[in-house]
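Some notes on the structure that comes next.
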Amino acid sequence: MRHLPSLRVRSLTVTGVLLAAITAGAGAPAASAPTVVPVPQASPAAPFDPAPTRKLLARLPDPAVAGALVRVTGHGQGMPWTGTAGQVPRDAHFRIGSVTKAFTSTVVLQLAAEQRLGVDTPVRRYLPRLVPAAYGAVTVRQLLDHTSGLPAPAGTPGPADGPGWWRKSLSPYEVVRNAFAAAARNQGAGTPPAPGTVQQYNGVNTFVVGLLVEKVTGRTFEDELTRRIIRPLGLRNTSLPSRDDMSVPAPRARVYVGADEVTEQSPWAWAEGGMISTAADLDRFMTALFRGRLLRPAQQKLVFAVPDVPSAPTNTNCVGGTSCFSAGGLMRFTLDSGVTVWGKTGSLPGWTNGVFATRDLKRRLVYSLNPTDTASAPASSVRPYVMAVANSAFAGVR
């Protein structure tokens with residue numbers, strides 16, 4: 001699936017889908033110890049001034065963005081605050097794309113706490129028929145923090161598939177097997193990095209993780225997601241659609257790519273990016289995750305644990321040559337003000353979304369934009385909108 005292209009912000013960038021290096025596996029060195037960011041001391045609550053964000057939204061719709069939903073919550077005056085632009089309801093459901101990864105990683109870390117799987121166990125031990133022997137050294141942790149070196153998706157739905165391509169469906173097994181098959185056909189492309197040595201953001205990692213959940217539990221990933229996260233947190237407007245369900249519950253915006261309405265599209269991205277939610281539900285999930293309500297202490301540390309390895313040369317979402325994705329399905333980036341926030345972005349045809357918060361939860365942001373450009377990736381012209389929203393939402397935070 002697609003993600004927001006890199007958004008440069010002084011020292012770090014917001015995510016985009018990128019091609020992973022292909023790894024050959026056995027005998028790889030162990031991953032470096034991750035960098036665990038401690039919980040900061042509580043800071044005084046800062047009031048939120050909605051005027052800059054309201055001014056941004058007042059300029060929409062325009063040729064690049066047809067609609068928007070922004071929700072800012074936290075401690076201090078002026079929150080919670082919700083603003084919209086275009087034909088977007090304040091309580092709209094939307095496809096969250098790769099924000100799904102944070103949910104998926106949480107399920108896996110819960111299973112690790114229950115000793116149903118080991119984060120440092122080779123994934124091939126659980127899925128020997130799916131993961132080729134060449135990737136036998138890749139561990140569960142390396143899937144979670146994108147240091148596995150697995151090959152990137154191949155043959156996923158796109159405009160080359162012709163009219164109605166957004167309704168094309170692939171099973172998780174097809175996505176993963178297509179990736180491994182493409183890697184086998186291109187073995188002469190160069191020496192891949194060993195597992196655990198380089199971070200390269202890659203959706204195939206999360207497809208494998210979703211299949212791992214089903215293997216060790218004997219239940220569908222949707223069932224595990226519902227009983228472990230959605231139902232306990234009361235996320236009544238959050239779901240993972242079945243493979244043949246292309247609808248989005250009302251209220252919702254109608255979204256377009258060019259002249260094509262793509263509101264109804266295949267949820268093929270599944271555990272990697274197929275979920276539907278609302279701003280209020282995403283805020284509730286992130287708050288629970290940051291506060292440790294979903295994980296035991298040992299696994300909670302991994303939510304903010306970023307591996308101490310270089311970022312792949314082609315990985316434009318983590319600048320400065322260092323990695324930025326954690327084993328908890330989150331990423332960190334620093335805003336123009338110098339404030340570091342944690343969260344996740346995700347994009348699908350017609351939607352570009354994100355959820356971010358300061359580590360102490362004093363300020364939180366959920367946004368959903370409706371870009372109108374080509375389906376292959378949101379245009380670079382959308383990047384300033386996202387950064388403007390993020391900078392205005394976290395203004396005044398120290």
Those residues of the stretch 248-261 which are open to solvent by 60 Å² or more (accessible area, probe 1.4 Å) and either closer than 15 Å to A68 by Cα or of a type in the set (A, V, I, L, M) (or both), in sequence order: A250, R252, R254, Y256, A259
Residue list for the stretch 262-280, restricted to those being among the acidic types (D, E) and surrounded by fewer than 24 Cβ atoms within 10 Å (Cβ to Cβ): E264
Near pairs, Cβ below 7 angstrom, 6+ apart or cross-chain, from the stretch 226-249 (free of Cβ contacts under 8 Å to residues at least 60 places away in the same chain) to any residue that is of a type in the set (V, I, T) and part of a loop (DSSP other than H, G, I, E, B): I230/T238
Count of residues meeting criterion [open to solvent by less than 20 Å² (accessible area, probe 1.4 Å), under 20 Å from W268 (Cβ atoms) and either of a type in the set (D, E, K, R) or not in a helix (DSSP H, G or I) (or both)] in the stretch 176-227: 3
The lone exception for K344 - which of (1) of a type outside the set (A, V, I, L, M); (2) within 23 Å of S247 (Cβ to Cβ); (3) touching a helix residue (DSSP H, G or I) at 6+ places or on another chain (Cβ under 8 Å) it fails: (2)
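Assess whether V119 counts as being open to solvent by 10 Å² or more (accessible area, probe 1.4 Å), under 27 Å from R219 (Cβ atoms), touching a residue at least 60 places away in the same chain (Cβ under 8 Å) and outside any helix (DSSP H, G or I). Full working, then the answer.
Working: open to solvent by 10 Å² or more (accessible area, probe 1.4 Å): yes; under 27 Å from R219 (Cβ atoms): yes; touching a residue at least 60 places away in the same chain (Cβ under 8 Å): yes; outside any helix (DSSP H, G or I): yes.
Spelling it out, V119 is indeed open to solvent by 10 Å² or more (accessible area, probe 1.4 Å), under 27 Å from R219 (Cβ atoms), touching a residue at least 60 places away in the same chain (Cβ under 8 Å) and outside any helix (DSSP H, G or I).
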Among residues of the stretch 281-301, those that are open to solvent by less than 60 Å² (accessible area, probe 1.4 Å) and either of a type in the set (S, T, N, Q) or closer than 22 Å to V72 by Cα (or both), counted: 12
Selection within the stretch 318-341 - out of contact with any Cys (no Cβ under 6 Å at 6 or more places or on another chain) and within 19 Å of L109 (Cα to Cα): F325, S326, A327, G328, G329, L330
All positions within the stretch 81-116 that are assigned to a loop (DSSP other than H, G, I, E, B) and either touching a residue at least 40 places away in the same chain (Cβ under 8 Å) or closer than 15 Å to L143 by Cβ (or both): G86, Q87, V88, P89, D91, A92, I96, R116
Filtered residues of the stretch 150-168 (kept if open to solvent by less than 40 Å² (accessible area, probe 1.4 Å) and either closer than 15 Å to V198 by Cβ or in a loop (DSSP other than H, G, I, E, B) (or both)): L150, P151, A152, A154, P157, G158, G162, G164
Any hit, the stretch 303-318, residues being open to solvent by 20 Å² or more (accessible area, probe 1.4 Å), closer than 26 Å to S277 by Cα and under 14 Å from the mean Cα position of the chain (by Cα): no
The stretch 314-334 residues that are outside any loop (DSSP other than H, G, I, E, B), paired with ones that are among the basic types (K, R) (beta carbon under 8 Å, 6 or more apart): V319/R8; M331/K344; T334/R10
Subset of the stretch 122-149 (residues that are among the basic types (K, R), crowded, with 19+ Cβ neighbours inside 10 Å and closer than 20 Å to A182 by Cα): R124
Given (1) under 15 Å from the mean Cα position of the chain (by Cα); (2) within 30 Å of R167 (Cβ to Cβ), number of the condition V386 does not satisfy: (1)
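A66 - would you say it is buried (at least 20 other Cβ atoms within 10 Å of the Cβ) and out of contact with any helix residue (DSSP H, G or I) (no Cβ under 7 Å at 6 or more places or on another chain)?
yes
Name the residue that is farthest from R284 (Cα to Cα), counting only residues in the stretch 69-80 that are open to solvent by 50 Å² or more (accessible area, probe 1.4 Å) and in a loop (DSSP other than H, G, I, E, B). So that I can check it myself, show each step before the final result.
Within the stretch 69-80, the subset open to solvent by 50 Å² or more (accessible area, probe 1.4 Å) is 71, 75, 77, 80.
Now restrict to residues that are in a loop (DSSP other than H, G, I, E, B): 75, 77, 80.
Working: H75: 14, Q77: 19, P80: 12 Å.
Top of the filtered list is Q77.
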Evaluation of V386 against (1) in contact with a Leu (Cβ under 8 Å, 6 or more places away or on another chain); (2) at pLDDT 95 or above; (3) assigned to a helix (DSSP H, G or I) (one fails), failing number: (2)
Evaluation of V339 against (1) open to solvent by 60 Å² or more (accessible area, probe 1.4 Å); (2) without any contact (Cβ under 8 Å) to a residue 60 or more places away in the chain (one fails), failing number: (1)
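Name every residue in the stretch 319-330 that is aliphatic (A, V, I, L, M) and open to solvent by 10 Å² or more (accessible area, probe 1.4 Å), in order of residue number.
V319
Yes or no, residue by residue, for (1) β-branched (V, I, T); (2) in contact with a Leu (Cβ under 8 Å, 6 or more places away or on another chain); (3) at pLDDT 95 or above; (4) under 27 Å from M331 (Cα atoms):
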{"position": "A194", "(1), (2), (3), (4)": "no, no, no, yes"}
{"position": "V204", "(1), (2), (3), (4)": "yes, yes, yes, yes"}
{"position": "F207", "(1), (2), (3), (4)": "no, no, yes, yes"}
{"position": "L212", "(1), (2), (3), (4)": "no, yes, yes, yes"}
{"position": "G218", "(1), (2), (3), (4)": "no, no, yes, no"}
So T334, is it over 26 Å from D62 (Cα atoms) and β-branched (V, I, T): yes
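The values are calculated or read from the model by the stated rules, or taken from the named source; none is laboratory data. Just so you know, these numbers come straight off a predicted model, no measurement behind them. Glycine gets a Cβ as well: all are built from the backbone with ideal geometry, and neighbour counts include every protein chain shown. These accessible areas exclude ligands, DNA and RNA; they are computed on the full protein's heavy atoms, side chains included. Shrake-Rupley method; radii C 1.70, N 1.55, O 1.52, S 1.80 Å.
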